[in-house]
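Undergrad: What follows is a structure written as structure tokens; I'll ask about it next.
The values are calculated or read from the model by the stated rules, or taken from the named source; none is laboratory data. Keep in mind that what you see is a predicted model, and the values were worked out from it rather than measured. For neighbour counting, all protein chains shown are included, and Cβ atoms are generated from backbone atoms with ideal geometry for every residue, glycine included. Side chains are part of the model used for accessible areas, which takes the heavy atoms of the whole protein and leaves out ligands, DNA and RNA. Shrake-Rupley method; radii C 1.70, N 1.55, O 1.52, S 1.80 Å.
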Amino acid sequence: MSTMRGVGIGLGVAQGPVARMAEPLAAPEDAASTLTPEEESARVREAVAAVARELEARGEQAGGAARDVLEAQAMMAEDPTLDDEISTRVQAGKTGEFAVHDAFASFRDTLAAMGGYLGERAADLDDVAQRVIARLRGLPAPGVPDPGHPFVLVAKDLAPADTALLDLDKVLALITSDGGPTSHTAILAREKSIVAIVGATDAVNLTDGQTVIVDAAQGIVTTDPSADELAKAQERAEARRAAADAPITPGALSDGTAIPLLANLGKPGGAQEAVELGAEGVGLFRTEFLFLSASHAPTIEEQRTSYTELLQAFPGKKVVVRALDAGADKPLAFLNDAHEENPALGLRGLRALRASEDILREQLTALAEADAVTDADLWVMAPMVSNVEETDYFVSMAHEHGIKTAGVMVEVPSSALMADRILQTADFASIGTNDLTQYTMAADRLLGSVASFQDPWHPAVLKLVKATADGGAKNGKPVGICGEAAADPLLAVVLVGLGATSLSMAPTALADVRATLLTHSLDDARRIADAALAADDAATARAAAQAAAAPKENQQ
Ligand code: PEP
Ligand code: MG
């Protein structure tokens, strides 16, 4: 038995034999074409168009987020800049295959050099190039293997076109050696609840037929496991299935302490699924979707329509909307300065909104108008608040616009440390553990190479959560959690033990968290949190919490 690490997506565990994705096509040689440039161009144009149409058709078949991803890929294939690059090479006498390979490669390098979200799109471009070259050679596009039995798919990185149509009866889990937590493989695996580990660099050593356990909750792949390990993994997988089938009840601990379980949403369209999965409201509505594809801010009317649609889905329920959070991982051309050297430390979140106050005022106006015509309990919060003065600014501005409940996100250590003062003014706080971890550990949340530092189990992060919750308790104000940490069932118990009053997460995580909360009392949660707080690092905090949470008969 041995183990390898990567970034787990979701909380599932699965086991089975490995089947590797076929190796990519060999790169075409730089040979002179025997055809005229016009003939080569015609071949390439036909191939590019056919690949683009095929990607669109796959998107149509898959639906959901996969459709958006595949449509974006189809657009990449027909990008005019790429077309020019290919033509230049064909005109110089190159074969269509080489021209496509070379032009895509240079475009890919440009994207990869940008790093972050755009860097992770580089793999999507490789896939398009492979498909076009395969078509030019009259070969089938490289794709998912079919060993004739269920398998754990291992690949360098999966193309969206492959992930979108995975046969979930056959693919037990996914492991990629490349890709980070925001790669398309990760996004689609999350959406389809596929057990997945990305960025497991050692996965290149896995061989066809080898048995593995894929433990996404821990980010660990165990190769050639013992019978005992296989049985334990099986038990965990069954417990998860049982949790998913358990009746939906309001979030609560075993002693009846209510811990509302809320949904993180990125578009009003996600509301229905969240309600079906038992979300008791919305703990984080990210409004960036309205702005990210635009070259200017949407109008008040456009915003009001979206917010109204969202609020209508939650009559009588709490809905926490976050003001636009632009910058760093979510750059907006009309709000952020592209020349900042460290955008994560730059004019982002509330700082960027203050610099363009009209946008903030319009957003608050649209929210207040939507609130006036719906029955949800609207709360509005500011992103990336780092001090008391910013809190006072935002809360008074929101109240002035008719927002009744105005709060702040605690994502910066300074705010956690000043929470008792911040919560004198703010009506509530919501802890964004993704950024709070990034800033506490000085580890870029988009960078695979420092992913091991980006672990919210670190006691330094937990101490800041406690400081924030204490600040809330002192002022009688609620402190929720809306970062990914709330979706980890045991960490959710710890967060409650530290004083969090509600938990918000991707709707697909609600069932696991609900089931785990029901197995611990508030006293248990406090004891488990204390065990984690006393640890030296993230791994020992997790282990200490696991030991403290184990049923009494298993404890020494
Ligand atoms: C966070 O930082 O934890 C958070 C919830 O906000 P986002 O992930 O959108 O930055
Ligand atoms: Mg954040």
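Undergrad: Can you tell me the orientation of helix 459-475 relative to the chain, as the angle in degrees between its alpha-carbon axis and the longest Cα principal axis, to the nearest 10?
TA: With rounding to tens, the tilt is 40 degrees.
Undergrad: Would you kindly state how much longer the chain becomes between Ala258 and Ala92 on full extension, computed as 0.36 nm times their sequence separation minus their alpha carbon distance, in nm to one decimal?
TA: Numbers: separation 166, 0.36 × 166 = 59.76 nm, distance 7.02 nm.
Answer, rounded to one decimal: 52.7 nm.
Undergrad: What's the angle, to the nearest 10 degrees (0 to 90), between helix 37-62's Cα axis and the longest principal axis of the chain?
TA: Helix 37-62 sits at roughly 30 degrees to that axis.
Undergrad: Sticking with this one: May I ask which residue of Leu367, Ala42, Ala532 lies farthest towards the positive end of the charge dipole of the chain, with charges of +1 (Lys, Arg) and -1 (Asp, Glu) on Cβ and the Cα centre as origin?
TA: Most positive-ward Cα: Ala532.
Undergrad: For the residue pair Asn205 and Thr36, what label-to-label distance in nm results when each label sits 7 Å from Cα along the Cα-to-beta-carbon direction?
TA: So the two model labels end up 5.6 nm from each other.
Undergrad: Something else about it: DSSP loop (so not H, G, I, E, B), at most 13 other Cβ within 10 Å: list which GluC sites (Glu not before Pro) in the range 38-80 pass both filters. Before the final figure, lay out each step's value.
TA: Values: sites: Glu38, Glu39, Glu40, Glu46, Glu54, Glu56, Glu60, Glu71, Glu78; in loops: Glu78.
Passing both the DSSP loop test and the Cβ count: no residue.
Undergrad: Report, in whole Å, the centroid distance computed from the Cα atoms of the range 394-468 and the range 474-525.
TA: Cα centroid to Cα centroid, the span is 16 Å.
Undergrad: Which whole-number percentage describes the relative contact order of the chain, with Cα contacts under 8 Å and a sequence gap of 6 or more?
TA: Worked out over the chain, it gives 13 percent.
Undergrad: Related question: Place the peptides 483-491, 469-477 in order of packing, highest mean first, counting for every residue the other Cβ atoms within 10 Å and averaging per peptide. Mind showing how you got there, number by number?
TA: Working: 483-491: 24.4, 469-477: 18.7.
Ranking the peptides 483-491, 469-477 by packing returns 483-491, 469-477.
Undergrad: While we're here: Answer with one residue from Ala252, Gly266, Ser226: the one whose Cα lies farthest towards the positive end of the charge dipole of the range 214-286, charges on Cβ with Lys, Arg +1 and Asp, Glu -1.
TA: Gly266
Undergrad: Quickly work out the Arg45-to-Ala539 label distance, labels modelled 7 Å from Cα along the C-beta direction, and quote it in nm with one decimal.
TA: 5.8
Undergrad: Could I ask something else about it? Rounded, prolate or oblate for the range 37-137? Axes are the square roots of the Cα gyration tensor eigenvalues, ordered a ≥ b ≥ c, and the cut-off for rounded is a/c under 1.5.
TA: Values: a/c = 2.51, a/b = 1.32, b/c = 1.90.
In terms of gyration-tensor shape, oblate.
Undergrad: On to the next question. Restrict the search to the range 266-366; then list the chymotrypsin sites (Phe, Trp or Tyr not before Pro) that DSSP places in a loop and that have at most 13 other Cβ atoms within 10 Å of their Cβ. Write out the running numbers ahead of the final one.
TA: On the way: sites: Phe285, Phe289, Phe291, Tyr307, Phe334; in loops: Phe334.
Listed in order of number, the matching sites are Phe334.
Undergrad: Taking only DSSP H segments of four or more residues, each worth -39500 (n - 2.57), what value at 222 nm results for the chain once the sum is divided by all its residues, to the nearest 500 deg cm²/dmol?
TA: -14500 deg cm²/dmol
Undergrad: Further question: Modelling each spin label as a point 7 Å along the Cα-to-Cβ direction, I'd like the Asn387/Glu340 distance in nm, to one decimal.
TA: Going from the Asn387 label point to the Glu340 one covers 1.6 nm.
Undergrad: On a full-extension model of 0.36 nm per residue, what is the gain between Ala57 and Val275, subtracting their alpha-carbon distance, rounded to one decimal in nm? Mind showing how you got there, number by number?
TA: Details: separation 218, 0.36 × 218 = 78.48 nm, distance 3.03 nm.
That works out to 75.5 nm of additional length.
Undergrad: Compute the angle between helix 227-245 and the longest alpha-carbon principal axis of the chain, please, reported from 0 to 90 degrees and rounded to the nearest 10.
TA: For helix 227-245, the angle is close to 70 degrees.
Undergrad: Here is a follow-up. Averaging sequence separations of C-alpha pairs under 8 Å and six or more residues apart, then dividing by the length of the range 355-425, give the relative contact order as a whole percent.
TA: Values: 78 pairs, mean separation 24.8, N = 71.
It rounds to 35 percent for the range 355-425.
Undergrad: Report the calculated FRET efficiency for Ile248 and Ser521 (r = Cβ-Cβ distance, R0 = 22 Å), to the nearest 0.05. Intermediate values should be presented prior to the final figure.
TA: Details: r = 21 Å, r/R0 = 0.96.
About 0.55, to the nearest 0.05.
Undergrad: For the range 37-137, report the accessible area per residue in Å² (1.4 Å probe, heavy atoms, rounded to an integer). Can you show the working numbers first?
TA: Working: 4540 Å² over 101 residues.
Here the residues of the range 37-137 average 45 Å² of exposed surface.
Undergrad: Quick check on the chain: take the gyration tensor over C-alpha atoms, sort the square-rooted eigenvalues as a ≥ b ≥ c, and tell me if it's rounded (a/c under 1.5), prolate or oblate.
TA: Values: a/c = 2.06, a/b = 1.33, b/c = 1.54.
Oblate, since a/c reaches 1.5 and b/c is not below a/b.
Undergrad: Considering only protein heavy atoms and a probe of 1.4 Å, how much of the accessible area of the chain is carbon and sulfur, as a whole percent?
TA: On the way: 12520 of 23380 Å².
The C+S portion of the solvent-accessible surface of the chain is 54 percent.
Undergrad: Just the accessible area per residue of the range 149-279, please: how many Å² with a 1.4 Å probe?
TA: Details: 5510 Å² over 131 residues.
With all protein chains present, the range 149-279 gives 42 Å² per residue.
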